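Encoded as structure tokens, the structure appears first; notes follow it.
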Amino acid sequence: MEDRVILAGFGGQGVMTIGQLLAYAGLEEDKNVSWMPSYGPEQRGGTANCHVLVSDGPIGSPVITEATGVIVMNRPSLEKFESYLVPKGILVIDSTLIDVKASRNDVETIYVPADEIAGDIGNPKAANMIMLGAYVRRTGVVKMESLFNALEHVWGSTSKKRFVQPNIEAMKKGAELVAQPVR
């Protein structure tokens, strides 16, 4: 089994962070992983995306041209990466920031009001974690527990340790959305 995921948004939305967490969670499960970042010319506010592969077998290339999953956090990313999805792929859209619907009807689209929920839970920077939680719950690419362990591994011994539990809670919120009808 191989999951090929493109995560995209504006710089500063935490796209690279959730891509790294997904890759680390794959490592927690002894899977082969690849994480490849791509930045626009600007740092904050410019475009940012990363390609993450999580596989039971060898990975030939970190470049994704046919994605099984796409997580988009802004409209330019939707317009650019929706076409990369294979039929029956999973498209997760931050419906708070993206004011259009997906143009494809051969993929499963999940609309997550991530920025709105992040504000509601008092953690306005956690929209990325909400999106990741929804994607992981829907696809099962990794176990949620592996994702939580990855967050603890990456941030637990740093000055960001205080953000571990609030971000786990944000991931759980995203996962809860998928357990309920979201379309």
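The values are calculated or read from the model by the stated rules, or taken from the named source; none is laboratory data. None of these values were measured; they are calculated from a predicted model. Every residue, glycine among them, receives a Cβ derived from its backbone with ideal geometry; neighbour counts consider all protein chains shown.
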> PRO87 fails exactly one of the following numbered conditions: (1) touching a helix residue (DSSP H, G or I) at 6+ places or on another chain (Cβ under 8 Å); (2) modelled with pLDDT of 95 or more; (3) surrounded by fewer than 21 Cβ atoms within 10 Å (Cβ to Cβ); (4) part of a strand (DSSP E or B). What is the number of that condition?
Replying inline: (1)
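Listed here are the residues, each with its yes/no results for (1) more than 23 Å from ILE130 (Cβ to Cβ); (2) of a type in the set (Gly, Ala, Ser); (3) assigned to a strand (DSSP E or B).
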| site | (1), (2), (3) |
| --- | --- |
| VAL5 | no, no, yes |
| GLY9 | no, yes, yes |
| MET16 | no, no, no |
| ASP30 | yes, no, no |
| CYS50 | no, no, yes |
| PRO58 | yes, no, no |
| THR65 | yes, no, no |
| THR68 | no, no, yes |
>> Criterion first (farther than 18 Å from VAL70 by Cβ, of a type in the set (Asp, Glu) and modelled with pLDDT of 95 or more) does GLU176 satisfy it?
In response: no
> Quick check, is LEU78 crowded, with 19+ Cβ neighbours inside 10 Å and part of a loop (DSSP other than H, G, I, E, B)?
Replying inline: no
>> Filter segment 93-120 down to the residues that are in contact (Cβ under 8 Å) with a residue 60 or more places away in the chain and either surrounded by fewer than 16 Cβ atoms within 10 Å (Cβ to Cβ) or over 23 Å from ALA25 (Cβ atoms) (or both) and list them by number.
In response: THR109, TYR111
> So is PRO41 of a type outside the set (Gly, Ala, Ser) and modelled with pLDDT under 95 or not?
Replying inline: yes
> Could you say which residue among ARG138, ARG162 is over 17 Å from the mean Cα position of the chain (by Cα) and either buried (at least 16 other Cβ atoms within 10 Å of the Cβ) or farther than 18 Å from ILE18 by Cβ (or both)?
Replying inline: ARG162
>> I'm trying to understand the selection: among the residues of segment 16-38, which are among the hydrophobic types (A, V, I, L, M, F, W, C), crowded, with 19+ Cβ neighbours inside 10 Å and at pLDDT 95 or above?
In response: ILE18, LEU21, LEU22, ALA23, ALA25, VAL33, TRP35
> Does segment 37-47 contain at least one residue that is assigned to a strand (DSSP E or B), out of contact with any Ser or Thr (no Cβ under 9 Å at 6 or more places or on another chain), touching a residue at least 12 places away in the same chain (Cβ under 8 Å) and closer than 18 Å to MET129 by Cα?
Replying inline: yes
>> Go through segment 60-83 and report how many residues are in contact with a Ser or Thr (Cβ under 7 Å, 6 or more places away or on another chain), at pLDDT 95 or above and farther than 9 Å from ARG4 by Cβ.
In response: 1
> more than 25 Å from LYS31 (Cβ to Cβ), surrounded by 16 or more Cβ atoms within 10 Å (Cβ to Cβ) and not hydrophobic (A, V, I, L, M, F, W, C), is that true of ASN123?
Replying inline: yes
> Is it fair to say LEU177 is more than 13 Å from ILE18 (Cβ to Cβ), in contact (Cβ under 8 Å) with a residue 12 or more places away in the chain and not charged (D, E, K, R)?
Replying inline: yes
